[in-house]
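Participant: Can you keep this structure in mind? I'll have questions shortly.
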Protein chains: 2
Amino acid sequence: MATSEFSLSCPFPIRDYPHVLMAHGGGGRLMQQLIGEMIAPAFSDTPLALQHDASTFEVPAGRMAFTTDSFVVRPLFFPGGDIGSLAVHGTVNDLAMAGARPLYLSAAFIIEEGLPMETLWKVVSSMGQAARVCGVRIITGDTKVVDKGKGDGLFINTAGVGVVEHAQAISPAQVRPGDVVLVNGDLGRHGMAVMAVREGLEFESAIESDSAPVAGVVRQLLEAGITVHCLRDLTRGGLTSVLNEIAGASGYAIAIEETLVPVREDVRAACEILGLDPLGVACEGRFAAFVPESESERALQIMGAHPVGVGSCRIGKVTDQRTSRVLLKSSIGAQRILDLPSGEQLPRIC
Amino acid sequence: MATSEFSLSCPFPIRDYPHVLMAHGGGGRLMQQLIGEMIAPAFSDTPLALQHDASTFEVPAGRMAFTTDSFVVRPLFFPGGDIGSLAVHGTVNDLAMAGARPLYLSAAFIIEEGLPMETLWKVVSSMGQAARVCGVRIITGDTKVVDKGKGDGLFINTAGVGVVEHAQAISPAQVRPGDVVLVNGDLGRHGMAVMAVREGLEFESAIESDSAPVAGVVRQLLEAGITVHCLRDLTRGGLTSVLNEIAGASGYAIAIEETLVPVREDVRAACEILGLDPLGVACEGRFAAFVPESESERALQIMGAHPVGVGSCRIGKVTDQRTSRVLLKSSIGAQRILDLPSGEQLPRIC
């Protein structure tokens, strides 16, 4: 097997171990080498301190947030991202949705025996890079290897902790009639980027995932003193799932105007080919914010000025009807109920 | 498929969905039902508040610990435990090894399509029970489903956060010549319990896993003011890996007396059949504590009085030789180097 230039950038000797062996998860010398010479260097510019069971850090008194997500996306690499950057963005975004500033992540790998070692190096390099961009540190981890045929290349779990530095309560229970629903850009790109690769759809140019960290723009909203009633990232199940969940939890109906919901033409076309509703397709760098009408213009200005909020817009509002429904008003004025899909529109897109 | 009495104890309608479907990980109604009617009730006596991206909690100012572990043990159930209780004990113990009091866990599931729903209910029930015994709360989670043939029944990741309530530095760098090495009971039972099932070894009575939480006994040591230089749980790679890692990090040689290391006869017999060294076999409820000689008797008394420390004993000490080696003195007085195995003695035992 030829050793690529990228492989040579790895302190771990990929040419000696071109594929992951069961022994790389066994707790012995090979595992220590893999962690010490590949994983730790990817996550930290300074060599990691001694491997220990848990990492410790100092916190001020106050509220913290804690979250976890496993990533099983197939394929591992797609236009606009890969499982590594996705695993960082996903958990950073979950913390942001609780109104927290992300601080630390964990990274746990379940590797299928035989995974090309260069693939692992690409993924952990991407994770390290994404973490630096997000301003979070990956401080603890775990590596397991399962037999060939008992996994699917690579699964990653990231958990995250963050601090809540404001006094607002942000949850579906805070949503009120009259609240405006904002989103930070066009929807459905992540799911369709992954599906287009998997289904071999050809477009003039590839659909790129929207995978991105949204913690920065959320922090700007909160630091500007914007009242934010609820935040939710539009991942599995897309806008449809999120709105239904929030309508259910708040008790109120949410009315969305279909013409206001931004969906790119290539995403819409790909959805049509696959028979999907773009509103139900996952994003990985998009969120919905519920804010009082009086704050919505200022919120939109802040969001629109941030790189991951360039396409921010208002898509609807919370009504005073106590029906917990999501109502979609079409371009010709017809109104229909946007119901929660029963299950899996798009398997394994995150 | 007959519905068992155990299935009927589940709020989720197992008879309607006897097996996990891809849709149970899809972000739609089926996933919400699985989380709301099975997973959340298993983890909490009070129905969980609304599902949100991250959970928040209050902390005092000070040091916190954060850790993660994925569990891929095969089979999912073994004498003395299962993947669910193991996933709780493993992470609770990792926090304890950093000297932290475990507070909160996350639970993330990667389920292979087709897993019997009753199996999942058994596992999450066991996790909930183990968490209650450990005094920790599972407050955030994630559920993914992968296609049949792309997983192996069930993988679980748990991450955990805890608080450090003392001022001691506990790490391999603190280990000093003259420190005594203590363990809290007989070694190798977890690994051999799993291997005996997998290899179909027959004994008069089954070898039971030592899987147990050790945070309670560690807390008693710290609250009693015992100086603890280093703590390490004897998981993958067993005592051999742990001692080699600590010898390497501290710079000193560690001398162990083989006759003092407690290994049960049935474990020794099973190891002989499989050609394994019991000192390299994983435990899941055992740890090594490095304490100054002057504190060792009091430490042993405290450990021995705790249910998970009944078999506590002294097995060796740290020498003043700066060789980073682990020396094993046999019953006939011969001394050999106990070297780190290169790889996987026992695949997938945790």
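Participant: Note down all Cβ pairs under 9 Å where the first residue falls in the range B:159-188 and is under 17 Å from B:Arg314 (Cα atoms) and modelled with pLDDT of 95 or more, the second is acidic (Asp, Glu) and not in a loop (DSSP other than H, G, I, E, B), and they're at least six residues apart or on different chains.
Facilitator: Sorted first by the residue in the range B:159-188, then by its partner, the pairs are B:Gly178/B:Glu293; B:Asp179/B:Glu293; B:Val180/B:Glu293; B:Val180/B:Glu295.
So that you can scan it fast, the table gives a plain yes or no per residue for (1) assigned by TED's automatic domain parsing to the domain that holds B:Asp94; (2) under 28 Å from B:Lys329 (Cα atoms); (3) assigned to a loop (DSSP other than H, G, I, E, B):
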position: B:Glu208; (1), (2), (3): no, no, yes
position: B:Leu222; (1), (2), (3): no, no, no
position: B:Val228; (1), (2), (3): no, yes, yes
position: B:Arg232; (1), (2), (3): no, yes, no
position: B:Thr240; (1), (2), (3): no, yes, no
position: B:Glu245; (1), (2), (3): no, yes, no
position: B:Thr259; (1), (2), (3): no, yes, no
position: B:Ala270; (1), (2), (3): no, yes, no
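Participant: I've got another one for you. Would you pick out the residues in the range B:132-156 that are more than 7 Å from chain A (Cβ to nearest Cβ), basic (Lys, Arg) and touching a helix residue (DSSP H, G or I) at 6+ places or on another chain (Cβ under 8 Å)?
Facilitator: Within the range B:132-156, B:Arg137 is the sole residue that qualifies.
Participant: Please give the number of the condition A:Arg74 fails out of (1) part of a strand (DSSP E or B); (2) facing chain B (nearest Cβ under 10 Å); (3) open to solvent by 40 Å² or more (accessible area, probe 1.4 Å).
Facilitator: (1)
Participant: Tell me yes or no: at least one residue of the range A:117-134 is surrounded by fewer than 21 Cβ atoms within 10 Å (Cβ to Cβ), of a type outside the set (Asp, Glu) and touching a Lys or Arg at 6+ places or on another chain (Cβ under 8 Å).
Facilitator: no
Participant: A further question on this structure: Would you check which residues across the range B:156-185 are within 15 Å of the chain's Cα centre (by Cα), farther than 25 Å from B:Ala61 by Cα and either surrounded by fewer than 19 Cβ atoms within 10 Å (Cβ to Cβ) or in the same structural domain as B:Gln33 (by TED's automatic domain parsing) (or both) and list them?
Facilitator: B:Ile156, B:Asn157
Participant: Filter the range A:17-40 for residues that are open to solvent by 10 Å² or more (accessible area, probe 1.4 Å), under 17 Å from A:Lys122 (Cα atoms) and part of a loop (DSSP other than H, G, I, E, B) and give the result.
Facilitator: Hits for the range A:17-40 are A:Tyr17, A:Pro18.
Participant: Okay, next question. Only residues that are touching a Pro at 6+ places or on another chain (Cβ under 8 Å) and surrounded by fewer than 22 Cβ atoms within 10 Å (Cβ to Cβ): list them for the range A:139-154, please.
Facilitator: A:Asp147
Participant: Could you count how many residues in the range A:307-340 are part of a loop (DSSP other than H, G, I, E, B) and touching a Ser or Thr at 6+ places or on another chain (Cβ under 7 Å)?
Facilitator: Final tally of qualifying residues: 3.
Participant: Here is a follow-up. Kindly provide the set of residues from the range B:277-288 that are closer than 16 Å to B:Gln345 by Cβ and either open to solvent by 30 Å² or more (accessible area, probe 1.4 Å) or assigned to a strand (DSSP E or B) (or both), ordered by number.
Facilitator: Across the range B:277-288, the qualifying residue is only B:Asp277.
Here's the yes/no breakdown for (1) more than 11 Å from every other protein chain (Cβ to nearest Cβ); (2) modelled with pLDDT of 95 or more; (3) out of contact with any Ser or Thr (no Cβ under 7 Å at 6 or more places or on another chain):
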| position | (1), (2), (3) |
| --- | --- |
| B:Val20 | yes, yes, yes |
| B:Gly28 | no, no, no |
| B:Met38 | yes, yes, yes |
| B:Ser55 | no, no, no |
| B:Val59 | no, no, yes |
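Participant: Quick one: in the range B:102-126, of everything that is outside any loop (DSSP other than H, G, I, E, B), of a type in the set (A, V, I, L, M, F, W, C) and within 14 Å of chain A (Cβ to nearest Cβ), which residue is farthest from B:Ile35 (Cα to Cα)?
Facilitator: Restricting attention to the range B:102-126, the residues satisfying the condition of being outside any loop (DSSP other than H, G, I, E, B) are B:102-112, B:116-126.
Narrowing further to those that are of a type in the set (A, V, I, L, M, F, W, C): B:103, B:105, B:107-111, B:117, B:120-121, B:123-124.
Next, only the ones that are within 14 Å of chain A (Cβ to nearest Cβ) stay: B:103, B:105, B:107-111.
Values: B:Leu103: 22, B:Leu105: 16, B:Ala107: 12, B:Ala108: 11, B:Phe109: 11, B:Ile110: 14, B:Ile111: 13 Å.
Here the residue is B:Leu103.
Participant: I would also like to ask the following. Would you confirm whether any residue within the range A:289-302 is within 14 Å of another protein chain (Cβ to nearest Cβ) and either open to solvent by 20 Å² or more (accessible area, probe 1.4 Å) or at pLDDT 95 or above (or both)? Spell out the reasoning first.
Facilitator: Pass one, the range A:289-302, residues within 14 Å of another protein chain (Cβ to nearest Cβ): A:289-290.
Then keep just the ones that are either open to solvent by 20 Å² or more (accessible area, probe 1.4 Å) or at pLDDT 95 or above (or both); that gives A:289-290.
Scanning the range A:289-302, I find at least one residue that is within 14 Å of another protein chain (Cβ to nearest Cβ) and either open to solvent by 20 Å² or more (accessible area, probe 1.4 Å) or at pLDDT 95 or above (or both), so the answer is yes.
Participant: Within the range B:157-197, how many residues are of a type in the set (A, V, I, L, M), within 11 Å of chain A (Cβ to nearest Cβ) and more than 16 Å from B:Val242 (Cβ to Cβ)?
Facilitator: Selection size over the range B:157-197: 5.
Participant: Of the conditions (1) modelled with pLDDT of 95 or more; (2) within 14 Å of chain B (Cβ to nearest Cβ); (3) crowded, with 24+ Cβ neighbours inside 10 Å, A:Val228 satisfies every one except a single condition; which number is it?
Facilitator: Among (1) modelled with pLDDT of 95 or more; (2) within 14 Å of chain B (Cβ to nearest Cβ); (3) crowded, with 24+ Cβ neighbours inside 10 Å, A:Val228 violates only (3).
The values are calculated or read from the model by the stated rules, or taken from the named source; none is laboratory data. Only a predicted model underlies this, so the values are computations on that prediction, with no experimental measurement involved. Cβ sites come from the backbone with ideal geometry, for glycine too, and all protein chains shown count toward neighbours. Note: accessible area is taken over every heavy atom of the protein model, side chains too, but ligands, DNA and RNA are not part of it. Shrake-Rupley method; radii C 1.70, N 1.55, O 1.52, S 1.80 Å.
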